[in-house]
1. Using a Förster distance of 30 Å, how high is the FRET efficiency between E109 and V133, based on the Cβ-Cβ distance and rounded to 0.05?
2. Looking at the P(r) of the chain, how many percent of alpha-carbon pairs lie beyond 29 Å?
3. Take the Cα radius of gyration of region 114-189 and divide it by 2.2 N^0.38 Å, with N its residue count; two decimals is plenty.
4. Which value, in debye to the nearest 20, gives the size of the charge dipole of the chain about its Cα centre, when Lys and Arg are +1 and Asp and Glu are -1 at the Cβ?
5. On the accessible surface of the chain, probed at 1.4 Å, how many percent belong to carbon and sulfur atoms?
6. Starting from region 59-145, pick out the trypsin sites (Lys or Arg not before Pro) whose DSSP state is loop and whose Cβ has at most 16 other Cβ atoms within 10 Å.
7. Which value, in Å², gives the accessible area per residue of the chain when a 1.4 Å probe is used on the protein heavy atoms?
8. Report the semi-axes of the equivalent ellipsoid for region 84-155 in whole Å, largest first, where each axis is √(5λ) for an eigenvalue λ of the Cα gyration tensor.
Amino acid sequence: MNKPYTSLLAALVLASAATLALAGNDALLGEARNTAKMLGGKLKAEVVKSMKASGPVGTIPFCQRRVPEITAEVARATGWQVGRTSLKYRNPANAPDAWEQAVLKTFEERKAKGEPVKGMEYAEVVEQDGKKVFRYMKAIPTGKPCLNCHAAKIKPKVEATLERLYPGDKARGFKLGDIRGAFTLSKEL
Ligand code: HEC
């Protein structure tokens, strides 16, 4: 079988699996998508602004302090629990739980099969502590500006600051187009 056909087939199988898991929750899926878009848009706009004004070293405090504030603002405004996670995380507070880890692994498999990272998402209704929870994740591609702080090779000053603030940092060694992590959202039904 040729490659485009195989990946199309894989995408169709995944799409129908997602649809089955989500029957009746289209409105929530729409909300989750919009919320992830809102968070992504705000973060990107502010990171770009900070990088222009203060360079990568000056932007590290932004990532450390301002990102959680923006995330909390989006959570308050939308009623969704929101955050970012990754298989290779920098801040242990962003470590994935078991469900997130499994989804991130399937994202890597989907990418390996040729699916574009942009637009890659997964949603499911799960039982947590006896309650039904709608959970959603959207992959975050590694863009060019991200390499300043997440590539294998970064400027010594940036590296030194990161090592001081994040001992045990795992969020290094990324290449352009890699899956840096994912937005992760949830809402109790
Ligand atoms: C100026 C340095 C810098 C740049 C540029 C940068 N990041 Fe980060 N990134 C950080 C820091 C610092 C953290 C840890 C934030 C915290 O303490 O929650 C982080 C955390 C993250 C996380 C949360 C998971 C984790 O590793 O803890 C994701 C996802 C992420 N970055 C993606 C990106 C993407 C995508 C880009 C490019 C659009 C990017 N970053 C650009 C410094 C940077």
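The values are calculated or read from the model by the stated rules, or taken from the named source; none is laboratory data. Note that this is a predicted model, so its numbers are computed, not measured. Reconstructed Cβ throughout: ideal geometry from the backbone, glycine too, with neighbour counts over all protein chains shown. Surface areas here come from the heavy atoms of the whole protein model, side chains and all, with no ligands, DNA or RNA. Shrake-Rupley method; radii C 1.70, N 1.55, O 1.52, S 1.80 Å.
1. It comes to 0.80.
2. Numbers: 4525 of 17766 pairs.
Cα-Cα pairs in the chain separated by more than 29 Å: 25 percent.
3. Details: Rg = 16.5 Å, N = 76, 2.2 N^0.38 = 11.4 Å.
Rounded to two decimals, the normalised Rg is 1.44.
4. On the way: 32 positive and 19 negative charges, 189 e Å.
Result for the chain is approximately 900 debye, rounded to the nearest 20.
5. On the way: 6480 of 11080 Å².
Its accessible area is 58 percent carbon and sulfur atoms.
6. Working: sites: R65, R66, R76, R84, K88, R90, K105, R110, K111, K113, K118, K131, K132, R135, K138; in loops: K88, R90, K113, K118.
Hits after loop and neighbour filter: K88, K113, K118.
7. Working: 11080 Å² over 189 residues.
That works out to 59 Å² per residue.
8. Working through the eigenvalues yields semi-axes of 26, 16, 10 Å.
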